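Since every read-out is calculated from the coordinates, none of them should be taken as a lab result. Worth saying up front: this structure is predicted, and the values here are computed from it rather than measured. Here the Cβ positions follow ideal geometry from the backbone for every residue, glycine too, while neighbour counts run over all protein chains shown.
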There are 12 protein chains.
Amino acid sequence: MSHHTYRVTEIVGTSPEGVDQAIRNGIDRASATLRELDWFEVTQIRGHLEDGRIAHVQVGLKVGFRLDE
Amino acid sequence: MSHHTYRVTEIVGTSPEGVDQAIRNGIDRASATLRELDWFEVTQIRGHLEDGRIAHVQVGLKVGFRLDE
Amino acid sequence: MSHHTYRVTEIVGTSPEGVDQAIRNGIDRASATLRELDWFEVTQIRGHLEDGRIAHVQVGLKVGFRLDE
Amino acid sequence: MSHHTYRVTEIVGTSPEGVDQAIRNGIDRASATLRELDWFEVTQIRGHLEDGRIAHVQVGLKVGFRLDE
Amino acid sequence: MSHHTYRVTEIVGTSPEGVDQAIRNGIDRASATLRELDWFEVTQIRGHLEDGRIAHVQVGLKVGFRLDE
Amino acid sequence: MSHHTYRVTEIVGTSPEGVDQAIRNGIDRASATLRELDWFEVTQIRGHLEDGRIAHVQVGLKVGFRLDE
Amino acid sequence: MSHHTYRVTEIVGTSPEGVDQAIRNGIDRASATLRELDWFEVTQIRGHLEDGRIAHVQVGLKVGFRLDE
Amino acid sequence: MSHHTYRVTEIVGTSPEGVDQAIRNGIDRASATLRELDWFEVTQIRGHLEDGRIAHVQVGLKVGFRLDE
Amino acid sequence: MSHHTYRVTEIVGTSPEGVDQAIRNGIDRASATLRELDWFEVTQIRGHLEDGRIAHVQVGLKVGFRLDE
Amino acid sequence: MSHHTYRVTEIVGTSPEGVDQAIRNGIDRASATLRELDWFEVTQIRGHLEDGRIAHVQVGLKVGFRLDE
Amino acid sequence: MSHHTYRVTEIVGTSPEGVDQAIRNGIDRASATLRELDWFEVTQIRGHLEDGRIAHVQVGLKVGFRLDE
Amino acid sequence: MSHHTYRVTEIVGTSPEGVDQAIRNGIDRASATLRELDWFEVTQIRGHLEDGRIAHVQVGLKVGFRLDE
């Protein structure tokens, strides 16, 4: 077939360590239930603070995956 | 586990009454099928007009909920 | 005829009471001079303060209406 | 019932032919699994290039559909 | 005179056929009542769906025209 | 003096009741420490959910006030 | 009456001299046909170049004016 | 080598026919001087009007291509 | 010390003369109370109209300054 | 009390090391003078280059903290 | 030939005097190396502060020019 | 001379490791052909996924450099 359709799902990955690990945690969780993941795009970077320190970095992600024909 | 992943779903809540009720109607419907709802964010406020009056207010909402590990 | 064209006019409705009433006041005024109003979209919510209180809420609205063929 | 709630799903329709066909391909795929499709909105138009030519146009779409009560 | 002022009006052109025809339909309707049309700019591309198919493509357009001195 | 300078401070007002009350709560708190409040502008509307219900609406506000000469 | 409605019209003022004069030219032209002008807002600053020099600065303006009750 | 760097150039393709042809014309011209074109992204759709008709559609494009190592 | 932190404050400078003077008036007022001002960024250009003329240009400014270690 | 108000301050954290360290440096400096820090949000990521290398990464941050009642 | 392609280059013009002169300085420098300059668009207005005064205004500009066939 | 003009070029740096390394890779490649690099700004963070894992992080960068007089 000459074309595909993709679906884009939005998630928020989190990590106490930093931005890259929050992205990886989010992608890991998404790949547990979705197949044919193709790309991601960061939509926002936020975080939760406790006692003047970063408790969790929260990275918004759009994740695209190919739908079956 | 030291971190969670959240999913964000986008809905449009509607109401003939106004903005707050449209938000509540959308959240009520979302909570009928989704557990662990955590936050929402208004993305747009629109409405449908009939005979020069507001028939329905339509409020776009992103709703975040925690995924199971 | 198989298609229509719509015009979009931009107004600011105001109210000392709140957001919903400001929207209704703006739509009421628009419907006094325009026919075939079809939809609205909120573009911004601002307000004027006097003596530390809200004197008027000001809601920016795009209002769409169908043009005659 | 006096109000409905809608869900908005995000997809990317593709086509080697052009923008309109990519939209139609995306909507066709969405309608294969979703009922009560109501509107769409184009979020972006991109494309993949090979040998200096357009291999596929990729059109991002938000698609809204009515949820059952 | 060494300068002109332009007015920008916002319309929505529609078509069951596609994006280009919706733009043309909107411009045709605008040119029926406005003279000295100079440029247009697409602000959004949306559409209405019926029975899983595109009933109408709706293209938001800002249309600029020169005001008489 | 022929001109003033204004400062803009950003706050988040909250309320379990709805958008208008969250705006009023934020403005009330700002007016407790700032004089010459002049206008506000809503930057975002979010909320916190608990047990599938709205616990608090959170309204982001930019609040402008006139600086002393 | 306790509230007013405003209309917002969009124009482009131009000038070979610069940004401020383009704004003034646009406002002058608007005030020739509209009463009760209240505020303006710059939406964009562009210009036309000829022979490597600025022929005209073009300033997009939204102009708000109070509607009669 | 385990990674590439891409450059993004911005062009405006034009056509009297429509959006798809304007994109193709822009890509054709870009591929005359650039190798390894990889993707494009539409940044805006505008057009020039003459005698109440579309003289040219103008499509802003960001075009990405791989740089040599 | 190998790094600094900066604070960004938002003000609105005004002037009956024009954009440049409104920026200068805002910066002058900010420098009366803040030390180590480093940069500014224009966030919006608006103005107040009276009797069909510009009474004041209002320029929104973000002003960055270095915090003491 | 059933509601809180939060204030949002904007800072720029910097670091020669990278994005995560710049965020931490900014938050550390903010927590030296502000209590009850609750969340942050990245507004932009920039950097200063010297001799073709990154001298400092600069991360814009909005930091929210709870105001006393 | 019935159509042209344009390239858009991004520059930052600067001036100790103000916005208009910074635009002119940037255009002058661009016209020293590029032919067929056609239009510009202001993308941002920033500035550098020294001793509480404006050292340079910096105006971001997109400059469009026609490519040879 | 009392002022400089800067050019802004847009690139995409990539890395299998993470965001900071993708920025560094992009800057390294840019500095191989451009002199007087002055600043960068992140425009987007995306990535390519393979087998449910991040194959490459892709960071869009605007890079500014000073033009010779």
Calculated [θ] (222 nm, deg cm²/dmol) that DSSP helices of n ≥ 4 give over chain D, each run adding -39,500 (n - 2.57): -7000 deg cm²/dmol
Is there a simple number for the mean count of other chain Cβ atoms within 10 Å of the Cβ of residues in B:58-67, and what is it? 4
Pick from D:THR43, D:THR14, D:THR33: which residue has the top mean-square fluctuation in a GNM of chain D where Cα pairs under 10 Å get a spring? D:THR33
As I understand it, the dipole of segment A:6-66 uses +1 on the Cβ of Lys and Arg and -1 on the Cβ of Asp and Glu, about the Cα centre. Which of A:HIS48, A:VAL12, A:ALA22 lies farthest toward its positive end? A:VAL12
Rounded, prolate or oblate for the protein assembly as shown? Axes are the square roots of the Cα gyration tensor eigenvalues, ordered a ≥ b ≥ c, and the cut-off for rounded is a/c under 1.5. rounded
Cα-based Rg of chain H normalised by 2.2 N^0.38 Å, two decimals: 1.31
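Once you average over the residues of L:25-32, how many Cβ atoms of partner chains fall within 10 Å of each Cβ?
The shielding value for this peptide is 5.
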Label-point separation, H:GLU17 to C:GLU17 (7 Å along Cα→Cβ), nm: 5.7
Top mean-square fluctuation among H:ALA22, H:ALA55, H:ALA32, Gaussian network model of chain H, C-alpha springs under 10 Å? H:ALA32
Strictly over 24 Å apart at the Cα level, which of A:LYS62/J:LYS62; D:LYS62/G:LYS62; A:LYS62/B:LYS62; D:LYS62/F:LYS62; E:LYS62/K:LYS62; I:LYS62/L:LYS62 would you flag in this model? D:LYS62/G:LYS62; D:LYS62/F:LYS62
Which residue, F:ASP28, F:ASP51, F:ASP20, has the most motion in a Gaussian network model of chain F that connects Cα atoms within less than 10 Å? F:ASP51
I'd like the distance separating the alpha-carbon centroids of segment B:7-69 and segment I:5-62, in whole Å. 38
Using the Cα centre of the protein assembly as shown as the reference point, and only Cβ charges (+1 on K/R, -1 on D/E), how large is the resulting charge dipole? Debye, rounded to the nearest 20. 0
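Which value, in debye to the nearest 20, describes the size of the charge dipole of segment H:1-61 about its Cα centre when Lys and Arg Cβ atoms bear +1, Asp and Glu Cβ atoms bear -1, and nothing else is charged?
That gives segment H:1-61 a dipole magnitude of about 120 debye.
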Go through segment C:25-61 and name the trypsin sites (Lys or Arg not before Pro) that are in a DSSP coil and have 16 or fewer other Cβ atoms within 10 Å of their Cβ. C:ARG35
